[in-house]
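Have a look at the structure below, then the notes.
The values are calculated or read from the model by the stated rules, or taken from the named source; none is laboratory data. Since the structure is predicted, the reported quantities are computational estimates derived from the model, not experimental observations. Here the Cβ positions follow ideal geometry from the backbone for every residue, glycine too, while neighbour counts run over all protein chains shown.
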């Protein structure tokens, strides 16, 4: 997917709810139970009320995953898009830079005061090389990008190649990057994206009861302190601004309870990857993909990681977790031709497996109790053309 994106801010959705056809969702709770129907009320993160197709009232405790029934893959966000340090992304128009903030409008997204949206530069993660529409003084804009002390930036070229280092200079025609060994100059026209690194201590803390929404437009937004009533989700974005989002425009959603974490947040995972025709590679963490969508078997998500070739990853649990859940699917572009055997092993015993799985099988969900398990291992044995995306994989800590 070719990115040519930019990034920054915010998040607020408020589109009028379509009259009549209310969206039908499939909802998976913490225990893996699936319920289908229209969502009536959602006053807390741990309980929602639905109405089934037969008109039956359903109360769901601890909802985790929501998927629009018969959902389609949201649009690629390939231009006029802002990415934030928490991987939220939004379309924008009329972007301006004022002091150390970006101001813009986003179609269908409004604050309570119906004002222009605003986000601090420090919350920006991905920047267009080209002058963003509406930036009044390109020289000032470029100089501000170079002031912040950063660990490592990344350049993605128009041909898809990528290099990393620290951005040292940037003007209308050229830029330079220091990779710690040498300084290299590149033509601005050859670069599609500059990714600006951010140290972990500037990231916003994840608030309890947050929800990540994937919109039909392709935008992603994370809200805290949310509730739903009369077809509108209300909450606060990462800057603390109150926003509203029409449920009619939501394609997928993931709910985070206070004891849930993504497995990509763990630092002590042992990963062994065996690419075809080359030696195994060992990592000590799962590498989360940034600035991209996971499109697999007809589903789309914004958080996860990919495996390619025969792979194994082991998660030390030490009895601290009570459950793991998530989904995997074969990549829409690089996974259609392959097949794979996938096994989930708990303390040496296989507890779940999929044999001969392929892209045609669609997303595969798992929800596994861990009890006092010490280690969980996932083994993937594949044929060529079997890139697999693992999305929204959550571990729930023991109470």
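Structure notes:
- Residue among 277, 291 that alone is surrounded by fewer than 18 Cβ atoms within 10 Å (Cβ to Cβ), on the phi > 0 side of the Ramachandran plot, assigned by TED's automatic domain parsing to the domain that holds residue 324 and at pLDDT below 85: 277
- Close pairs (7 angstrom Cβ cut-off, 6 or more residues apart or separate chains): in the same structural domain as residue 239 (by TED's automatic domain parsing) and over 30 Å from residue 392 (Cα atoms) in region 81-107, modelled with pLDDT of 75 or more and assigned to a loop (DSSP other than H, G, I, E, B) anywhere: 103/116
- Restricting region 228-244 to residues that are assigned to a loop (DSSP other than H, G, I, E, B) and out of contact with any helix residue (DSSP H, G or I) (no Cβ under 6 Å at 6 or more places or on another chain), the residue that is surrounded by the fewest Cβ atoms within 10 Å (Cβ to Cβ): 230
- Residues in region 245-272 that are surrounded by fewer than 18 Cβ atoms within 10 Å (Cβ to Cβ) and assigned to a strand (DSSP E or B): 261, 270, 272.
- Where residue 344 falls short, out of the listed (1) in contact (Cβ under 8 Å) with a residue 40 or more places away in the chain; (2) in contact with a strand residue (DSSP E or B) (Cβ under 9 Å, 6 or more places away or on another chain); (3) closer than 25 Å to residue 282 by Cβ: (1)
- Residue 267 passes every criterion in (1) in contact with a helix residue (DSSP H, G or I) (Cβ under 8 Å, 6 or more places away or on another chain); (2) modelled with pLDDT under 85 apart from (1).
- Residue match in region 367-380 (condition: within 17 Å of residue 254 (Cβ to Cβ) and modelled with pLDDT of 85 or more): yes
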